[in-house]
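A short worksheet on the structure shown next.
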Amino acid sequence: MRLNINDVNNIKELKKALEDNTYIPNDFQVAVIIYAFDKDNKIIFQRRGMGCRDERLKLETIGGRVKEDDLDFRTALKREIVEEVGENAKINIEEFITATFATTFDNRYNREQSWVYIVYKGVLESGELKIAEPDKCIGYERYKIGEVDETELSNGAKEIYNIVSEKYSNYAL
């Protein structure tokens with residue numbers, strides 16, 4: 001579900017922006033996501049591994065859970081980029097795209113988990129993507145807008161992909 005909020009910097013600002021929302025439970029987690037485009041305007045996806053808490057073997061973009069000690073969302077996203085693709089790839093974080101809400105099934109804890117996704121656009125400026133967490137990522141795949149098989153996307157990624165596809169339609173085939 002697309003959330004009608006502007007760019008927020010941290011969890012405190014996000015909770016304030018959502019205070020009138022009755023649909024999202026109080027125990028939601030926050031994930032920061034980057035739709036990173038390469039020099040050919042292809043979106044970089046990762047194939048989720050068996051070590052992931054949910055949506056195993058599905059395609060998602062780079063990003064992950066915001067930790068309590070992260071200063072803000074962009075700092076959390078920079079940490080996630082390094083954790084997932086290593087230090088050799090230079091991915092610049094550009095503009096805020098959207099925020100969405102979704103629920104996934106957490107296989108580690110055998111329960112549903114509510115997520116708010118904070119999504120940014122990014123560009124792979126240089127370097128090679130490394131599989132830095134082989135239990136969580138089994139490989140990278142790149143697709144132009146319109147090329148990806150949407151049934152391969154995680155539940156959280158499907159709606160975001162459609163928003164990105166509409167906003168950046170000039171990057172399409």
Mind checking which residues of segment 121-159 are touching a Lys or Arg at 6+ places or on another chain (Cβ under 8 Å), at pLDDT below 95 and aliphatic (A, V, I, L, M)? 157
Taking segment 99-120 and the residues there that are on the phi < 0 side of the Ramachandran plot and in a loop (DSSP other than H, G, I, E, B), the one that is surrounded by the most Cβ atoms within 10 Å (Cβ to Cβ) would be 107
In segment 60-72, residues that are within 19 Å of residue 164 (Cα to Cα) and not polar (S, T, N, Q) total 4
Those residues of segment 38-73 which are over 28 Å from residue 105 (Cβ atoms) and crowded, with 18+ Cβ neighbours inside 10 Å, in sequence order: 42
Conditions (1) within 22 Å of residue 151 (Cβ to Cβ); (2) in a strand (DSSP E or B); (3) of a type in the set (A, V, I, L, M, F, W, C); number of the one not met by residue 93: (1)
In segment 121-144, what residues are part of a strand (DSSP E or B), over 20 Å from residue 93 (Cα atoms) and out of contact with any helix residue (DSSP H, G or I) (no Cβ under 9 Å at 6 or more places or on another chain)? 138, 139
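The values are calculated or read from the model by the stated rules, or taken from the named source; none is laboratory data. Keep in mind it's a predicted model, so treat the numbers as computed, not measured. Here the Cβ is made from the backbone with ideal geometry for all residues, glycine too, and neighbour counts use every protein chain on show.
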